[in-house]
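*Asks:* The structure that follows is given in the form of structure tokens.
Read the figures in this text as sums done on the coordinates, not as results from a lab. Small disclaimer: the values here were computed from a predicted structure and weren't measured. All Cβ positions, glycine included, derive from the backbone under ideal geometry; neighbour counts span all protein chains shown.
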């Protein structure tokens, strides 16, 4: 037997599912969201998603090159970032807008912190927030869905723009569309966030494949619904307010695809519940007092920043973590820890 | 009375968080975040000194009107803070030397900090009553505490083995703060407080 | 003569450290507020740098000469008073030079009176060191502060206005004048400084001047 | 499988007339029985059990790690002697109850048909089945202890007929061999011969013995098979070396049989200044390696937990000293 044997470390069996597989599930769900816009507007949504994903890939490779590493695709999280970014811009926005947002997210938020799983903020959320702050007009001028319109896939088109229901709510008026009609994705809004039913189906898929955690989404929506019922923005019954608030804007989309991002959300169950509720409350606060019609990305960023503190708070509630003052002991034993690590 | 105090506290907290996101007194917040133990005394000092400096601002305001006042105001506030610090440090140094020895740095820096934070605030609020002053001080302390808490937890993610060596530590923290202030920009929409 | 040359070499090292390798803003994380909130145009940055330099030299020298006579617990107050006092002529000069920019800066200009770089140097560094070192350090800090602030400001102005010194016409987008842009840019500049510092230590010239705090 | 020449034939001895505890122990000693679960001599193990006091003695008649099926085959082949050997072992260590833990209900049914009247437990095939079952039993107030089923069979042979342990069942598997099967192998046979009997192909790069999860690789195929060599696994290539940062999916936490939060231990250790108070029960890690298998990022979580346990130990010692001094 001429076998060149090598040695390796256990374990010698591994689970089939890997990080790329989980991200692939998410990316698949996001692509499912592209169907309805493609049917309605032609190939432009596909082009938008493609260019934004491509930008993410190029930015990642560029950063790796500057870092002196061999550029590698890694776990391909840029695909999810790019797709989410593309979903949150209007379909009639210029093509460079999602690219700029995705580039900001990858270059500023993701790579400097060491990539997916290390970055404390959701890159897509940061990119969209950046685009919102820099080009608010472009971000909030939506194509009027009333007349059928087929956009050119590449060129920028001058279109008749309409106010989205979220903007109408922000201005304190009642949208002229029934809440149930918001389910089918025919209202004006960001590219991938209007079809509530499809988003729900994607949510079920993600929860079933354990690519997202249900408790975060549930607590997020619960907090939003509660606040919407208690403090309606428009003069209507609490139920109507809840319907409008949950179905307008990018709330549902963020509750499924951005808040549940495993890299930036707390790991334990109670902390996840706290985190979801916090994010939902922050979102409603942004809707009431915020400056822009879409506050979801800012709320996600705030929640990401609060996540470690919430985790710590959850531990304190269960009486596991030491009080704040005891941090010194940790450093004292920390030297031992370094010895054991080295 | 108490309600007004609380409302002012809330107002101050939001304003402070915007200010921190805008960078005011940020060096001090970072300092506090580096050593989690010092967060509590730090916030305490900040509260007390804010109380003092707000009072000073109320007292000095009428004398510092007009262009000359505009010119003199920063120096006047700084001087007031310096005097307050002098008093506090002397008292502590005299009567509680151990406590003073433990919290020397925070004391001085928080005195400095309150000037930075107080000035814009006092500029805008006219006619501070006592309750509002107290509320403002409480709000400042609480928001300082929250900001330091968030940043102290953020420190762990800002230096990890996977990130580029050049970014670990302060650069990553600066970017972190930048994104945080971007999030707060969602409230103000392009205007700094 | 020989000793003087030695002094010069030391002061050169101190100056380099203050200006670059231990840049008060980018490595020391001090005086972040003006850099983040004020420096969104090259004019503002120039005014800030001018104010800083004009306040730095007299206050540092003052504290260097008289600081050691004070007890330790009183020094911070003295430093604060010194900077506040030295700030007045500086702001007068700045107002004489570019009145409109100073007025536009408003608050941020005034806060130079209690800039934490000046304060910490005046309270901790100046009283402990000899005059040439203190002067060199003040110069280094001024240059370092000016460099950081101007770099951040010019990048932001290029983003918002597309040109420098207010000559731009229409930049890439809004938002460059917001604090977050300042912080993010400072983060990248700090990373650049750290990178250079690491390179230097790799070449074995000096141990890296370490992280701040 | 035929034994290679040159292996000395161990000589048998007179079986004890009345098998009492001491006779069983001496028989186990003379037969040189080694438990395949941990490679420890059975006699010493039973003595330790007797000192510790064991309520329920379990015969491990299933293979928790993938690729391996030897114990199940043994149970099917010689159920009766396994049961009697378990009874002997229980008598030797004074365990009140005995039970045979099997892989599935089918195995249980077959076993009860062969040997009626023996308590049987179903362990299931979710790794790590043994630790999970132990935890469940402890939860229900039992004091369980494990012996391997092959050791039971060998013990029965030794006590009844005075035969020494001379054979063991080895599973040969992996993508590098054509015929996956269990061989009854003379102890001492070179690993290479066992592998050859299963017709390996040239592309084999990795030969693992002991276990597919916690085993070790061998490069020298002339190593002898021992009683603890439960399997010989030939792989074409090492397991994929993916390593990404932890993304916090929480799978390790669900997989851990000891209720540890491996991701938290990893993060605390990476932070350089681990806080012992946040390393929740890392000290009861059983070393099963389930967290490392399940981790989608391919992180060696077991090592992190081990380091964390060391830190925790030091911390508790220092804390104890502090209490003494205070």
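*Asks:* What order do you get for D:249, D:152 when you list them from fewest to most C-beta neighbours inside 10 Å?
*Replies:* Going from sparsest to densest Cβ surroundings: D:249, D:152.
*Asks:* Let me ask you something else. Using a Gaussian network model on chain A with a 10 Å cutoff between Cα atoms, which of A:265, A:237, A:250 fluctuates the most?
*Replies:* A:237
*Asks:* Using alpha carbon centroids, what distance separates region A:139-212 and region A:83-110, in Å?
*Replies:* That distance is 17 Å.
*Asks:* Further question: Using label points projected 7 Å from each Cα along Cα→Cβ, tell me how many nm separate residue A:35 and residue C:13, to one decimal.
*Replies:* 7.0 nm
*Asks:* When A:267, B:63 are ordered from fewest to most other Cβ atoms inside 10 Å of their Cβ, what list results?
*Replies:* Taking fewest neighbouring Cβ atoms as first place, the list is B:63, A:267.
*Asks:* Quick one: grab Rg to one decimal and Dmax as a whole number for chain C, Cα atoms only, in Å.
*Replies:* 17.8, 57
*Asks:* With a cut-off of 18 Å, note down the residues of region A:16-44 whose backbone N falls inside the zone around a label point 7 Å from the Cα of residue A:201 toward its beta carbon.
*Replies:* A:25-41
*Asks:* Using a/c under 1.5 as the rounded threshold, could you call region A:104-163 rounded, prolate or oblate? The axes a ≥ b ≥ c are square roots of the C-alpha gyration tensor eigenvalues, and prolate needs a/b larger than b/c, oblate otherwise.
*Replies:* Prolate.
*Asks:* Now for a separate question. Looking at the protein assembly as shown, what % of its DSSP beta bridges pair antiparallel, to the nearest 5?
*Replies:* If we restrict to bridges inside the protein assembly as shown, about 55 percent are antiparallel.
*Asks:* Over all alpha-carbon pairs in region D:1-127, figure out the percentage whose distance exceeds 21 Å.
*Replies:* 47 percent
*Asks:* Could you check the simple spin-label distance between residue C:131 and residue B:40, using points 7 Å along Cα→Cβ, in nm with one decimal?
*Replies:* 4.8 nm
*Asks:* How big is the convex hull of the Cα atoms of chain D, per residue, in Å³?
*Replies:* Measuring per residue, one finds 168 Å³ for the Cα hull of chain D.
*Asks:* Note down the Stokes-Einstein diffusion coefficient of region D:251-325 in µm²/s, whole number, using a Kirkwood radius over alpha carbon pairs, 25 °C, and 0.890 mPa s.
*Replies:* It comes out at roughly 196 µm²/s.
*Asks:* Quick one: Cα centre-to-centre distance for region C:110-166 and region A:23-48, in angstrom?
*Replies:* So the two Cα centres are separated by 50 Å.
*Asks:* State the antiparallel share, in %, of DSSP beta bridges confined to region D:21-161, rounding to the nearest 5.
*Replies:* Restricted to region D:21-161, the bridges split so that about 5 percent are antiparallel.
*Asks:* Report the full-extension gain for the segment residue A:154 to residue A:230: residue separation times 0.36 nm, less the Cα-Cα distance, to one decimal in nm.
*Replies:* Here the answer is 22.9 nm.
*Asks:* Under 4 °C and 1.567 mPa s, how fast does the protein assembly as shown diffuse according to Stokes-Einstein, given a Kirkwood radius computed over C-alpha pairs? Answer in µm²/s, whole number.
*Replies:* For these conditions, the coefficient is 39 µm²/s.
*Asks:* Return the equivalent ellipsoid semi-axes of chain A as a descending list in whole Å, where each equals the square root of 5 times an eigenvalue of the C-alpha gyration tensor.
*Replies:* Square roots of five times the eigenvalues give 36, 27, 18 Å.
*Asks:* With both bridge residues required to lie in chain D, what share of the DSSP beta bridges run antiparallel, to the nearest 5%?
*Replies:* Just about 50 percent of them are antiparallel.
*Asks:* Something else now. Neighbour counts of other C-beta atoms within 10 Å: give me A:161, D:69, B:50, B:152 arranged from fewest to most.
*Replies:* With the fewest neighbours first, A:161, D:69, B:50, B:152 line up as A:161, D:69, B:152, B:50.
*Asks:* Picking from D:158, D:129, D:21, which is most flexible by a Gaussian network model of chain D using Cα springs under 10 Å?
*Replies:* Of D:158, D:129, D:21, the Gaussian network model singles out D:21 as fluctuating most.
*Asks:* Specify whether the C-alpha gyration tensor of region D:167-235 places it in the rounded, prolate or oblate class, a ≥ b ≥ c being the square roots of the eigenvalues: rounded for a/c under 1.5, otherwise prolate if a/b is larger than b/c and oblate if not.
*Replies:* rounded
*Asks:* While we're here: Using just the helices of chain A, give the 222 nm mean residue ellipticity in deg cm²/dmol: DSSP H runs with n ≥ 4 each add -39,500 (n - 2.57), and the total is spread over all residues, rounded to 500.
*Replies:* Only helices count here, giving -18000 deg cm²/dmol.
*Asks:* With axes computed from alpha carbons, what is the tilt in degrees of helix C:131-160 against the longest principal axis of chain C, rounded to the nearest 10 within 0 to 90?
*Replies:* On a 0 to 90 degree scale, this one is about 10.
*Asks:* Answer rounded, prolate or oblate for region A:41-145, using the Cα gyration tensor with square roots of eigenvalues a ≥ b ≥ c: rounded when a/c is under 1.5, else prolate when a/b is larger than b/c, else oblate.
*Replies:* Verdict is prolate for region A:41-145.
*Asks:* Evaluate Rg over Rh across region C:44-95, taking Cα atoms for both radii and Kirkwood's formula for Rh.
*Replies:* Rg divided by Rh gives 1.06.
*Asks:* Work out, step by step, the length gained on full extension between residue A:184 and residue A:28: first 0.36 nm times the residue separation, then minus their alpha carbon distance; give nm to one decimal.
*Replies:* 54.2 nm
*Asks:* Then there is this: Suppose each label sits 7 Å from its Cα in the direction of the beta carbon; what would the residue A:58-residue B:96 distance come out to in nanometres?
*Replies:* Reported label-point gap for residue A:58 and residue B:96 is 6.0 nm.
*Asks:* Could you give the alpha-carbon Rg of region A:165-204 over 2.2 N^0.38 Å, rounded to two decimals?
*Replies:* 1.23
*Asks:* Just A:71, A:123, A:232 to compare: in a GNM of chain A, with alpha carbon springs under 10 Å, which one fluctuates most?
*Replies:* A:71
*Asks:* Kindly state, to the nearest 0.05, the FRET efficiency for residue A:214 paired with residue D:21, given R0 = 60 Å and r defined as their beta-carbon distance.
*Replies:* 0.60
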